[in-house]
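Structure first, commentary second.
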Amino acid sequence: MPGLMESEPLEFYVYLGCLGVGLLFTLVSAFFGHLFGGHAGHMDVGAGGHADAGGDHSGVPGISAFSPTTISAFITAFGGFGLVLTRIGATRSVWINAPLAVLGGLIVAAGTLWIFGALFHHTQSSSEGNNAILVGRTATVISPIPKSGVGEIAYVQRGSRYTAPAREQDGKAIGSGQTVKITRIAESQFYVIAV
């Protein structure tokens, strides 16, 4: 009985390797992302907090066409499509299955980019909308705001307590425990005045 190495064409092993590397990368990323946090922001559940999603300048917040997620999706899909196509008689030739596997990988990577882009866009839009309703509300300084510096405030929104970095609108110092009014929010930076 011939061994596996003798009966399979070289491209089969290339596709198998791509599928394996893509899946391994995904699993390792998920494991270490869960274990070590793997994100740019922080969230304090219960006591309040905030989370920041990274972004690039490609128009899609939080993910780009060349992010590890989309590259991993392409490599995994390329390998998977290639393995399937080497088993079909009409696409057994590498000159047919390789371009089709590339096309399949590009479609899956584009779908991944679109799905994550839509998710990030939706969460960013709802976050910005939620932040807009905070302007004019009061908060409490929990870490003193030094002159022309950054401190921390706590505020309540929909029954939950959150914290955020804050600056005094005119660069004045505000002591801990003082009540302030939120005047504007720029990205994740809150601007306040004493009340």
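The values are calculated or read from the model by the stated rules, or taken from the named source; none is laboratory data. These numbers come from a predicted model, not from an experiment. FYI the Cβ positions are ideal-geometry reconstructions off the backbone, even for glycines, and counts take in every protein chain you see. Only protein heavy atoms, including side chains, enter the accessible area calculation; ligands, DNA and RNA are left aside. Shrake-Rupley method; radii C 1.70, N 1.55, O 1.52, S 1.80 Å.
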- Go through the stretch 135-166 and count every residue that is open to solvent by 60 Å² or more (accessible area, probe 1.4 Å), in a strand (DSSP E or B) and in contact with a Lys or Arg (Cβ under 8 Å, 6 or more places away or on another chain). 1
- Query: Checking SER7 against (1) small (Gly, Ala, Ser); (2) modelled with pLDDT under 50; (3) open to solvent by 60 Å² or more (accessible area, probe 1.4 Å), which test does it fail?
  - Reply: (2)
- Query: Can you name every residue in the stretch 167-193 that is open to solvent by 60 Å² or more (accessible area, probe 1.4 Å) and of a type outside the set (Val, Ile, Thr)?
  - Reply: ARG167, GLN169, ASP170, LYS172, ALA173, SER176, GLN178, LYS181, ARG184, GLU187
- Which one is farthest from GLY79 (Cα to Cα), of the residues in the stretch 110-119 that are open to solvent by less than 30 Å² (accessible area, probe 1.4 Å) and touching a residue at least 40 places away in the same chain (Cβ under 8 Å)? GLY117
